[in-house]
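Participant: This is the structure I have questions about; it appears just below.
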Amino acid sequence: MNNGLIFSSPPKKDKGEWPTPVRQTVRNLKREGKSQREIVAQTSLPRTLIRRILRQESSRRARKKKAPKPHLMSIREIRRCIRYLSKDWSTRRPSFEQLRTHLGVQASARTIRRELRRAGYRRCIACPRPFISRKQAKKRLAFAMEHRWWGTSDYALHREDGKQGGDWRKVVWSDEATFEAGKCGRI
């Protein structure tokens, strides 16, 4: 048998592993009924290598790997959880354990949390709205009522004190802003 795969000198190893054609050649010669001594003579490979190749069921690269663990939640269940949680404010509040019992998911609360995080869903505390006191609200309303006619031709007619009207186009606005923080009561 001379199929071009018989080597006169030992081939180089690829990352510590003999190339697959060598293994295939050795196995084919064994199937043809050749002894290990005859295979050594034809291929010029070391006898220990030939013995090792014949002992193995398959090449090292085709060795069975550890089977991956199956996911405890299907993609459909994960999407259903995200749809439920994203529905409105009241459905975002329950814990993962309450979510598990409500939707009837078999996985644990920790698994639900991990799978939702892997899917890109994350929970966070909503940022509170700026605190406005009653005094500030009254001041804002008074300012709005006082300047509601600015920029219109009717402003001068409706002004009670008889002064000239204002024009918003002549007001220069800056980027500066002031904020007042107060205690926000939790519900």
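The values are calculated or read from the model by the stated rules, or taken from the named source; none is laboratory data. As the structure is a prediction and not an experimental result, all values here were calculated from the model. Reconstructed Cβ throughout: ideal geometry from the backbone, glycine too, with neighbour counts over all protein chains shown. Heavy atoms of the whole protein, side chains included, go into the accessibility calculation; ligands, DNA and RNA do not. Shrake-Rupley method; radii C 1.70, N 1.55, O 1.52, S 1.80 Å.
Participant: Could you tell me which residue of segment 61-80 is farthest from the chain's Cα centre (by Cα), considering only residues that are open to solvent by 100 Å² or more (accessible area, probe 1.4 Å) and either among the small types (G, A, S) or at pLDDT 90 or above (or both)?
Facilitator: Out of the qualifying residues, it is R76.
Participant: Can I ask one more? Quickly run through segment 98-127 and pick out the residues that are surrounded by fewer than 13 Cβ atoms within 10 Å (Cβ to Cβ) and part of a helix (DSSP H, G or I).
Facilitator: Q98, T101, H102, R110, R117, R118
Participant: Restricting to segment 22-59, name every residue that is surrounded by 13 or more Cβ atoms within 10 Å (Cβ to Cβ) and among the hydrophobic types (A, V, I, L, M, F, W, C).
Facilitator: V22, V26, L29, I39, V40, L45, L49, I50, I53, L54
Participant: Considering every residue within segment 20-38, establish whether at least one is at pLDDT below 60, polar (S, T, N, Q) and either part of a loop (DSSP other than H, G, I, E, B) or within 30 Å of G104 (Cα to Cα) (or both).
Facilitator: The answer is no; no qualifying residue exists.
Participant: Sticking with this one: Please pick out the residue among G165, G151, G182, G120 that is at positive phi and at pLDDT below 85.
Facilitator: Details: G165 fails: at positive phi; G182 fails: at positive phi; G120 fails: at pLDDT below 85.
The unique qualifying residue is G151.
Participant: Next up: Report the residue count in segment 81-95 for those that are modelled with pLDDT of 90 or more and more than 17 Å from R114 (Cβ to Cβ).
Facilitator: 2
Participant: Examine segment 97-109 for a residue that is within 25 Å of the chain's Cα centre (by Cα) and closer than 30 Å to P21 by Cβ, and state whether such a residue exists.
Facilitator: No, segment 97-109 has no match at all.
Participant: Tell me, yes or no, whether segment 83-92 has at least one residue that is at positive phi and either open to solvent by less than 90 Å² (accessible area, probe 1.4 Å) or assigned to a helix (DSSP H, G or I) (or both). Give the derivation first.
Facilitator: Within segment 83-92, the first condition is being at positive phi, and the residues that meet it are none.
Within segment 83-92, not a single residue is at positive phi and either open to solvent by less than 90 Å² (accessible area, probe 1.4 Å) or assigned to a helix (DSSP H, G or I) (or both).
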